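Here's the structure, in structure tokens; my notes come after.
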């Protein structure tokens with residue numbers, strides 16, 4: 001193991017410790033309030049222990065590769081991007097009415113289930129679960145902002161960091177809002193609409209924010225930040241396209257998500273946009289967006305999508321975009337270490353199975 005790899009692993013461990021400490025402090029504060037409120041913070045701690053931690057790792061790796069030396073600043077910024085991710089995931093589950101996440105009940109599911117076990121009517125229990133989730137997401141957003149606002153950095157740098165966070169939340173909300181709009185099928189959507197939604201909803205917060213925050217904190221030049229922004233957006237689209245493929249054709253044991261979820265939701269993806277052009281789509285169109293979609297009908301839908309050539313088309317698009325972003329990475333004026341990290345990240349986004 002190289003010294004640089006060993007150092008990155010040490011910083012990652014420091015990040016995990018700091019993240020859990022920040023949440024534990026809030027849980028302890030919650031003891032002065034109601035028992036359910038403490039249980040909400042316990043659920044957030046449990047949620048924070050899971051996940052792949054892609055975004056904080058991207059930030060910390062990039063910060064070191066760009067010559068950043070203040071580990072405390074990098075770790076707290078990494079905690080903030082992970083808390084932002086948790087907030088958006090929680091709110092996304094409420095919007096999609098999902099009660100499961102990563103193969104187990106999410107906050108809405110857990111709180112609703114416990115309420116029903118205590119005799120609450122199903123409707124009221126689900127309202128309680130959704131309310132708990134909405135508040136949990138709000139708390140994570142506020143905590144993320146608080147960590148960034150308290151970074152011990154020069155004031156002009158702090159303003160730049162807060163501007164990035166504000167722009168990220170603003171754009172991610174626009175993407176989520178557009179995603180819901182497209183899923184209602186009130187007007188025709190084409191591939192450009194879907195790609196625009198992906199760019200706003202996923203690329204902005206998952207890759208652009210971590211990379212640009214790292215660059216700003218490390219004191220990178222404006223031109224380098226601009227190059228990283230373009231690269232980050234491209235990687236984000238690759239990540240989401242792969243996510244859409246896994247959502248319909250992935251192994252549920254790996255993804256922790258039913259292959260019926262996106263179909264029941266009526267989620268607009270490039271797979272669906274392409275499949276609509278096939279004559280066979282008319283035979284299954286009424287099934288798309290049916291929240292009571294059966295396993296058998298889900299299989300029919302996925303078969304039509306695959307046989308339309310949609311899966312092959314999206315896979316070829318992912319391959320093409322990987323080639324394009326790798327070329328951007330090679331041509332950019334990046335430190336060698338960061339160039340290698342971004343190349344590895346692009347490959348991982350393409351080849352992931354969960």
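Using the count of nearby Cβ atoms within 10 Å as a rough guide to exposure, how do 41, 128 rank from fewest to most?
Result, fewest neighbours first: 128, 41.
If R₀ is 22 angstrom, what is the calculated FRET efficiency for the pair residue 290 and residue 127, using the beta carbon separation as r and rounding to 0.05?
Efficiency, from the Cβ-Cβ distance: 0.40.
Using only the alpha-carbon atoms of the range 19-110, report the extent along each of the three principal axes, biggest first, to the nearest angstrom.
Principal-axis extents of the range 19-110 (Cα, largest first): 44, 32, 18 Å.
Based on the Cα coordinates of the chain, what is the per residue volume of their convex hull in Å³?
Given the Cα convex hull of the chain, per-residue volume reads 142 Å³.
For the range 158-354, max minus min Cα coordinate along each principal axis, in Å, sorted largest first?
In descending order, the Cα extents are 56, 30, 29 Å.
Which residues in the range 245-263 have a backbone N closer than 18 Å to a point placed 7 Å from the Cα of residue 316 along the Cα-to-Cβ line?
So the set is 245.
Can you list, bin by bin at 10 Å, the percent of alpha carbon pairs in the range 298-338, starting at 0?
Values per bin, smallest distances first: 25, 30, 21, 15, 9.
Once R0 is set to 22 Å, what does the formula 1/(1 + (r/R0)^6) return for the Cβ-Cβ distance between residue 253 and residue 300, expressed as a FRET efficiency to the nearest 0.05?
Efficiency computed from Cβ-Cβ geometry: 0.45.
What whole number of Å gives the distance from the Cα centroid of the range 16-62 to the Cα centroid of the range 222-296?
29
For the range 83-203, what is the Kirkwood hydrodynamic radius in Å, using each pair of distinct C-alpha atoms?
The Cα-based Kirkwood calculation yields 16.3 Å.
Just for the Cα atoms in the range 76-152, what are the lengths along the principal axes, largest first, rounded to whole Å?
Extents along the principal axes, in whole Å: 49, 21, 18.
No value in this document is a laboratory result; all are computed from the given coordinates. What you see is a predicted model; the values in this text were computed from it and never measured. Cβ atoms come from the backbone with ideal geometry, glycine included; neighbour counts cover every protein chain shown.
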